[in-house]
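This report refers to the structure that appears directly beneath it.
The values are calculated or read from the model by the stated rules, or taken from the named source; none is laboratory data. Just so it is clear, the structure is predicted and the values come from calculations on it, not from any experiment. Heads up, the Cβs are rebuilt from the backbone with ideal geometry, glycines too, and the neighbour counts pull from every protein chain shown. Accessible surface is based on the protein model in full, side chains and every heavy atom, while ligands, DNA and RNA are left aside. Shrake-Rupley method; radii C 1.70, N 1.55, O 1.52, S 1.80 Å.
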Amino acid sequence: MVVFEYDMKEKLGDEDLDEFLDQYLDIPDMRERAIYKAENEKNSERVIELIESADRKRQDWLDILYRHYGLLGRIEEQRELAKKLVGEYGMDYYNRLRKLYSDNEWSPVVDTLIENNLYYFQGSNYYKFLLKERRNEALLSYGQASPYMITEFGPYLQDHYPEEVAVIFQDFIHQEASKATNRKDYQGVSRIIKQMQKVCGYEASLPVIEKLATDYVKRPAFIDELQKMKV
């Protein structure tokens, strides 16, 4: 890339090179060259303009954008970008976000992120953030709304909400059982029951097993797998 810039500067001159690159910014590789040229020239305003105007912003570009917001003292933009990075790319960015707020400022920020989690967070990043912040009530609500995630953080919540965790496991097991049609599926349900037994205890799983045995009595392969769940 450096060789490219040098060759093009030799042919076009610096201003003409900027004009040339500007004509092809819709090509990601050309936009990247323009970004790094601006970086080399320590032109933070230009770097920010090039990244903000991109239709699709790559993660490494967002890292660059974050740094240049900081160089210009644009703290509010840094904060919003850090929230985006945590929400989209995960907890590797948590410390970056946390350092932008004082202890007194932080709790309301967490409240806002929780209230707007569908806007900020993707995939498993939300529950990992809740775990980090020890927001147990919000984590429980998330588990109740998304029972399939209880296998990820059930062991942690069990210490705080044992009865609620058992109910979430039950809901998840019954959901999966309703979709099961063959032995492989039945074994999948059994694996969740094993997880429930590990987290909630063996006794907590017995009513679930008995209910499944009643509901699916005409499915001998399922009944066979359920029997294996009993000690």
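When the test is whether a residue is acidic (D, E), modelled with pLDDT of 95 or more, closer than 30 Å to R134 by Cβ and open to solvent by less than 70 Å² (accessible area, probe 1.4 Å), E88 passes it. Looking only at region 55-78, count every residue that is more than 20 Å from I35 (Cβ to Cβ) and in contact (Cβ under 8 Å) with a residue 24 or more places away in the chain and tell me the total. Within region 55-78, residues that are more than 20 Å from I35 (Cβ to Cβ) and in contact (Cβ under 8 Å) with a residue 24 or more places away in the chain number 1. Of a type outside the set (S, T, Y) and in contact with a helix residue (DSSP H, G or I) (Cβ under 8 Å, 6 or more places away or on another chain): does that describe L118? Criteria not met by L118. Screening region 164-180 for residues that are over 13 Å from L226 (Cβ atoms) and among the small types (G, A, S) and picking the one that is most open to solvent (accessible area, probe 1.4 Å) gives S178.
You will find that of E80, E105, E164, the residue that is among the charged types (D, E, K, R) and within 30 Å of V208 (Cβ to Cβ) is E164 and no other. Could we say that M229 is open to solvent by less than 30 Å² (accessible area, probe 1.4 Å) and more than 18 Å from the chain's Cα centre (by Cα) here? In short, yes. Say whether the condition of being modelled with pLDDT under 95, out of contact with any helix residue (DSSP H, G or I) (no Cβ under 7 Å at 6 or more places or on another chain) and open to solvent by less than 40 Å² (accessible area, probe 1.4 Å) is met by at least one residue in region 44-65. Within region 44-65, none of the residues are modelled with pLDDT under 95, out of contact with any helix residue (DSSP H, G or I) (no Cβ under 7 Å at 6 or more places or on another chain) and open to solvent by less than 40 Å² (accessible area, probe 1.4 Å). Of all residues in region 160-189, those that are aliphatic (A, V, I, L, M) have Cβ atoms under 6 Å from Cβ atoms of residues that are at pLDDT 95 or above and not in a helix (DSSP H, G or I), 6 or more apart or on another chain, in V189/A180.
One line per residue, one yes/no per condition, for (1) on the phi > 0 side of the Ramachandran plot; (2) modelled with pLDDT of 95 or more; (3) not β-branched (V, I, T):
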| residue | (1), (2), (3) |
| --- | --- |
| E10 | no, no, yes |
| D16 | no, no, yes |
| P28 | no, no, yes |
| G70 | no, yes, yes |
| G73 | yes, yes, yes |
| R79 | no, yes, yes |
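Scanning region 181-208 for residues that are aliphatic (A, V, I, L, M) and buried (at least 20 other Cβ atoms within 10 Å of the Cβ) gives V189, I192, I193, M196, V199, V208.
When you check S141 against the structure, is it at pLDDT below 95 and not acidic (D, E), yes or no? No.
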